[in-house]
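Just below is one structure, and these are the notes that go with it.
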Amino acid sequence: MSSTPAPRPLSVAELDLDAPDGPVLGFRPAPGAPAVVPGDVYALVRLRGRPAATVVGTVRAGEDPAEVLAALARPRLAAAGRPGTDAERLAAARPPAPAPAPAAPAPPRASVVVATRERPESLARALDSLLAQDHPDFELVVVDNAPRTAATHELVTRTYADHTDRVRYVREDTPGLATAHNTGLAAAEGTVVAFTDDDVIADPRWLSSLTAPFATDPGLGCTTGLILPARLGTPAQILLESHGGFAKGFAPRLYDPAHPPADEPLFPFTAGSFGSGANMAFRVDALRRAGGFDPATGTGTAARGGDDLYAFVAVLSAGFRLRYTSEALVWHHHRDTWQDLRNQAYGYGAGLTAYLTATLVRSPRLLPALLARLPRGLAHARTMTAQRGETSEGGVPGEHGTQHHPWPASLSRLERRGMLYGPIGYAKARAQSRTRARATDSARVRPQAPRGGSAVAR
């Protein structure tokens, strides 16, 4: 993989503190992770249950891992509260003041869509966590995408037979994540539709935190949330998380097309900074008005990805706001092999340019805005795919040890190759989609039997 030493496995845990400088309230392995053992430990730090930071530390035999990690977390949390840093985030994460606050409105009725294909074991783990949500009014829609076996159908209809009032099975025979998501959107009965993957474990407050902002902001079209690694046991998992993973930090963020962010000159074409498809929700009317997902994007198509990025830009371009909150948390099971990581690197590059192509094909009015940002966009893309050393983002595995696992040049080359392929892949996927549509239309056309019937009709 690299001439540098391979990273050591890390335990993944959760640490809960009473306050930034307060005592430990709780410590446990992350959901779905094995027990914490002596060695390197990656931990989510919570303040009275609310996600606030991540830390990495080395726990020696005989040491209390909670105290070791708390000692590392406290100065980071204190620094985050100083003026000029993430004071807003830390203030939001502090325990509430004694004075009673007005009751927040209940989150809207939600539909949670999980698209899956032949992964019943991981799907069962995801569904168990979703059924444990504290949201007061939601349904689960499992979209079985181009199934080869009956395993998913049997899981949903048998294992979850006692939850037929909440869990629905929908079959979608056309392969592709965007098509599966559109099928879920069509089936959704909620005011808000949330999407997650079959390889996550959702925090019990995930859905409430992700959907609550819609109740107070009628102009909000989309929310995204925090994605953390459930396991960091292989070099591929650690390398991915070391260089960004899916996490977008702990500072809340509002993206408003009426007030473009000054620190993102490429807005809204930097969709990767908004969030990821494993943790997103949309106001149903807003997503439908924006045209839903482009079926020629996403995993399972020749485009390889970009379905979530396309939807983010489509909703923003329709005039709706997008909000990111770290309180909506899911734990993601990263793929564990080097080949998986190579596939992801290529797919990310392809998905990036595929979604941009899709955006221009379906919304050509955005072309002048994109062209105006193109020079900076190319420089940004080159920076994104450059051979990277240690990341500066606090609390990720790459921070542990100096230059233990820089981003290999081979992965940068794969990302760039994917970016060159993306528009071609999108064109192929559109052509395949049109071919399937014509075949479907032809299959629906049946010759009408004469009145009174015929031997053939009978």
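The values are calculated or read from the model by the stated rules, or taken from the named source; none is laboratory data. These numbers come from a predicted model, not from an experiment. Heads up, the Cβs are rebuilt from the backbone with ideal geometry, glycines too, and the neighbour counts pull from every protein chain shown. What goes into the accessible areas is simple: the full protein's heavy atoms, side chains included, and nothing from ligands, DNA or RNA. Shrake-Rupley method; radii C 1.70, N 1.55, O 1.52, S 1.80 Å.
Observations, loosely collected:
- Accessible surface for the range 166-310, divided over its residues, is 30 Å² per residue with a 1.4 Å probe.
- Highest average packing first - 320-326, 57-63, Cβ atoms within 10 Å: 320-326, 57-63
- Database remark: amide H of His334 closer than 5 angstrom to the amide H of Ala230, Arg231 (H placed geometrically; neighbours at sequence offset of 5 or more, or on other chains; Pro and chain starts carry no H).
- Cα gyration tensor, the range 311-352 - rounded (a/c under 1.5), prolate or oblate: oblate
- Those residues of the range 132-170 whose amide nitrogen sits under 11 Å from the label point placed on Ala106, 7 Å along Cα→Cβ: 136-138
- Accessible surface of the range 192-283, 1.4 Å probe, proportion on carbon and sulfur as whole %: 59
- Note on the range 136-238: Rg/Rh from Cα positions, Kirkwood definition for Rh, rounded to two decimals, is 0.99.
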